[in-house]
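The values are calculated or read from the model by the stated rules, or taken from the named source; none is laboratory data. Just so you know, these numbers come straight off a predicted model, no measurement behind them. Here Cβ is always computed from backbone atoms with ideal geometry, including for glycine, and neighbour counts include all displayed protein chains. SASA here: full protein model, heavy atoms, side chains in, ligands and nucleic acids out. Shrake-Rupley method; radii C 1.70, N 1.55, O 1.52, S 1.80 Å.
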Amino acid sequence: MLKRLFIVLFLLFTLVAGVAVWLGQQQLQRTLSASLPISESRQLVIEQGTWFRKFALQLEQEGLIDSHLWLRLEGQLNPAVTAIKAGEYQLEPGMTLQQLLDKVISGDTISYTFTLVEGTTFKQLRQSLLNNQQLKHELTGLSEAALLKQLGSDAVAVEGLFLAETYHFKRGMSDLQLLKRAHADLKQVLESAWATRSKDLPYDSPYAALIMASIIEKETAVPSERGQIAGVFVRRLKRGMRLQTDPTVIYGMGDRYQGNITRADLKRPTPWNTYVISGLPPTPIALVGREAIEAALHPVDGKALYFVAKGDGSHQFSNSLQEHNRAVRRYQLKRRADYRSSPEN
């Protein structure tokens, strides 16, 4: 009698367990709750330290499932589903609970991008980072000296120490972490280009080449001209001629620059005014990309010592001062007599 009762109870338990498993599987294949608009996507954020029971309750509280009990039961029957990972996840219309579990178990989190734009200053970069809502903000209140220490850099300023590139990141990454990655990338690109640099360049260090690259970056919007402009500046340095490039004047003016350079500005001494100083300025003047670094370390051969903006983004290159003056009269003086967009004698 007892044996028969045991068999009946065992069969009943097996039946109940089977039904529970079947119902659980049905729940997993259901689409997420109708509180998720059918035509829209949304995000689900799982905070660090969230355990599976809390995760199941969170889904119920956010209206994604009707009851967290079925999900907790699934976790007991199948412990593999409890290995959820923190992060931000994209939920799409029609997504099932099983598909959501697959995402959070694999860590298929949302990836964001942040672009460091060629030719922008660190001041502009810092503001862009602070405006980004996906990044944690650790730069607030951090001085440039403290940032240099965080980067492990012995440079005299943070200007130009980050590679202009598009970076992918996940929510929770900090602006400081992103800058460390951009700095590491710059070092790698700069060291690689320095190792294969052209012979007889007037730079005593990779940092000097970086300064030149920043000037090149600011001088042209035409990628194919970078090597030519680098060639002009290299030849001028070798001859002991001043670079006399407007972007360095503008950088030295700081907030005083309001879109126009006067003759007085060209004569006003600053550490970056290459109409006044000889050689390179003491720091870069902007962020640079790979192409500007390559141009600085592999300048195009030629005889040109001057160039002037044509007004369409490109430049007219000249071998002599006489040719240059004619180009200035053609492209610049009719527009504004005191405008200078290129080196003079």
Projecting each Cα onto the charge dipole of the range 44-85 (Lys/Arg +1, Asp/Glu -1 at the beta carbon, about the Cα centre), which of L59, V81, L69 comes out farthest on the positive side?
V81
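Rounded to the nearest 20 Debye, what is the dipole magnitude of the range 193-284 about its Cα centre when Lys and Arg each give +1 and Asp and Glu each give -1 at the C-beta? Walk me through the intermediate numbers first.
Values: 13 positive and 8 negative charges, 70 e Å.
It works out to roughly 340 debye.
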Shape verdict for the range 159-272, please, from the Cα gyration tensor: rounded (a/c under 1.5), prolate (a/b greater than b/c) or oblate.
oblate
Heavy atoms only, probe 1.4 Å: what % of the accessible area of the range 203-312 goes to carbon and sulfur, would you let me know?
51 percent
Can you give me the % of accessible surface on the range 92-194 that is carbon or sulfur? Probe 1.4 Å, all protein chains present, nothing else counted.
48 percent
What percent does the relative contact order of the range 86-164 come to when contacts are Cα pairs within less than 8 Å and at least six residues apart?
27 percent
With each label point set 7 Å from Cα along the Cα-Cβ vector, what nm distance links E47 and K303?
7.2 nm
Run the dipole for the range 160-206 about the Cα centre, Lys and Arg Cβ at +1, Asp and Glu Cβ at -1, nothing else charged, and hand back the magnitude in debye, nearest 20.
260 debye
Rolling a 1.4 Å sphere over the protein heavy atoms, what is the accessible area per residue of the range 86-177, to the nearest Å²?
47 Å²
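Note down the net charge around L125, summing +1 for each Lys or Arg and -1 for each Asp or Glu among other residues with Cβ under 15 Å from its Cβ.
On the way: positive: K123, R126, K180, R181, K218; negative: E118, E138, E144, E159, E165, D175, D185, E217.
Neighbour charge sum, excluding L125 itself: -3.
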Given pairs K103/K170; K136/K187; K238/K310 and cut-off 18 Å on Cα-Cα distance, the over-length ones are K136/K187; K238/K310
